[in-house]
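The values are calculated or read from the model by the stated rules, or taken from the named source; none is laboratory data. Owing to the predicted nature of the structure, the values given are computational and were not obtained by experimental measurement. Cβ placement follows ideal geometry from the backbone for every residue including glycine, while neighbour counts extend to all protein chains displayed. Each accessible area value is taken on the protein alone, full model and side chains, heavy atoms only, with ligands, DNA and RNA left out. Shrake-Rupley method; radii C 1.70, N 1.55, O 1.52, S 1.80 Å.
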Amino acid sequence: MPENSTLWVRVLRPARTEVLGRVVVLPHSGAGPNTLAPLAHRLPDGFEVAGVTLPGRERRFGESPQTLVEEPDRAVASVVAELRALPPLPTVLFGHSMGAAFAAAVAIDAPELCHGLVLSAHPTLESRAGRDGPWSDSDLLDVIRLGGGDTPTELLDDEVIRRHLITRLRCDLTLGRHLAERNKGRALPVVPTVLGGLDDELVPPPDLDRWSGLPGADTTVRFHPGGHFYLLDEANLDAVAAEIVRPFGAAGGSAPTAAAAAAPTAAERRRIPLASTPPSPARRRD
C-alpha cells in the first residue's frame, strides 16, 4: 500500500537491516504516534515500526476527533483494514493507556495480525483514566496534571491551544472507555505482556495486578519506576523496548521469518478473557 494512500497507519521507522518483524505503536489519549519516537528508536534495527494516528493530531490535526466518539468501532475497523493491507510480517501490537485498549481491540478483531501484544498502563473501567464521563474541563486538566507528562504550561495558558487539547483529550478518553467496555471479557488471541509505572496515579498498579490472576495464563506483569509516562523516562527506554520485542524471541534476536506471519497457532491462542478476574496480590517490580 503506498504510504500516501493510508490515513490511519504509517511507517515511523523502516527496518534498518533484514526485516524481522513489525511493531505497531498506539499512543495514549491526546497524542500522536511520534510521541513514542524515543521508544521506537530503541527497538532493534530489524523491526519496522508503524504508528497509528487518530484524527485531530499530527498529520491529521485538521480533522475533528469527535468522530472517535461518534463512530468508535469504525476507527478500529479502519486501522485493521490498513494493517491487513500491509506486506505480511510477524507483528507485535504495543499500546499505551488508551492506546492499549485500542491495541487489544485490534487483536480481538484481527487475531491474524497479532503475534504479540504488549499493553502499557491499560485502563480498567475502575481506573481514573478509564472512568465514565462526562469529563469537565477541570477533570481533564487534572488528568494532564496527574499524568505528569511534558505538556508545557504556556500551551495550557493559550485559550485556543488549551481548547483544542482538552477537546482531543475528552474524545480520546471517551474512546478509551468505550473500548475497555467493548473488550471486557472477550478473548485475546495471545497471552499479553502487561506493563505499568509504580507511581502511576491514572492507572495505578492494583488496576494492572488483576492480569496476573488470569486462569491458565502465564501473563507477565511488570512495573517500572515512574508515573503514567514511565515508558518515556530515559532510564526505562531500553527495558520497555526489550519487552516490546520479547514475543519475537530474546530481545528480538531470533524473530520468526516473514514466512511465519500467518495467524497464531491454536497453541498460541490461549483464549485469554480480557481482565475479567479480581486483582491478584502478585506483582513484579523491575
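What the table below lists for this structure:
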quantity	calculated
Cα-centred dipole magnitude for segment 1-124, charges only on beta-carbon of K, R (+1) and D, E (-1), debye, nearest 20	320 debye
Nonlocal amide H pairs with Leu26, under 5 Å, H built at 1.01 Å	Phe94, Gly95, His96
Accessible area in square angstrom per residue, segment 1-93, 1.4 angstrom probe	41 Å²
Segment 236-245 - phi-based ³J(HN,Hα) in whole Hz, Karplus 6.51/-1.76/1.60, Gly and Pro as x	9, 4, 5, 5, 5, 4, 5, 5, 5, 8
Sequence-distant residues sharing a close amide H with Glu201 (under 5 Å, placed H)	His228
Nonlocal amide H pairs with Thr124, under 5 Å, H built at 1.01 Å	Gly130
Carbon + sulfur, % of accessible area of segment 20-59 - ligands and nucleic acids excluded, 1.4 Å	54 percent
Antiparallel DSSP beta bridges within segment 5-149, as percent of all bridges there, nearest 5	20 percent
C-alpha center-to-center spacing [segment 26-52, segment 104-126] in angstrom	16 Å
Protection-proxy order for peptides 172-183, 66-77, each taking the mean of Cβ atoms within 10 Å per residue, highest first	172-183, 66-77
